[in-house]
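Comments concern the structure below.
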Amino acid sequence: MSKIKAALLGILSDGKWHQTSELIGPVCKSCRTNRANVSNTLSSLCGGHHVVKEHITGAKHNSCRYRLANEQAGFGVSPIMSDFNQLLRAARGHHGNDMVLP
């Protein structure tokens, strides 16, 4: 894992929403790199379903905010199916294993 990716995931690990400026500035300073490299890495993390990106409506510029995804989508599992499985587990609760017959 690259230093930039590790720094981005470290900031996002608190589970809160962070704006673009809150991510790019500190990562550029800690990794001693330029904004383009951090932006490219952030965009690849969003495309790989590691990070959730949301556009902020009503902002002057095209602002976005980011947070770490609750559940990672693996190979062959779409983010929508991952969310659906999480909802099923929450609805079933601790009785989820009682539905499976031996």
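Summary table
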quantity: Total lysine pairs under 20 Å (Cα atoms) in segment 1-53, excluding pairs fewer than 8 apart on one chain; calculated: 5
quantity: Kirkwood-based shape ratio for segment 4-55, expressed as Rg/Rh from alpha carbons; calculated: 0.91
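FYI, it's all coordinate maths here, none of it is from the lab. Only a predicted model underlies this, so the values are computations on that prediction, with no experimental measurement involved.
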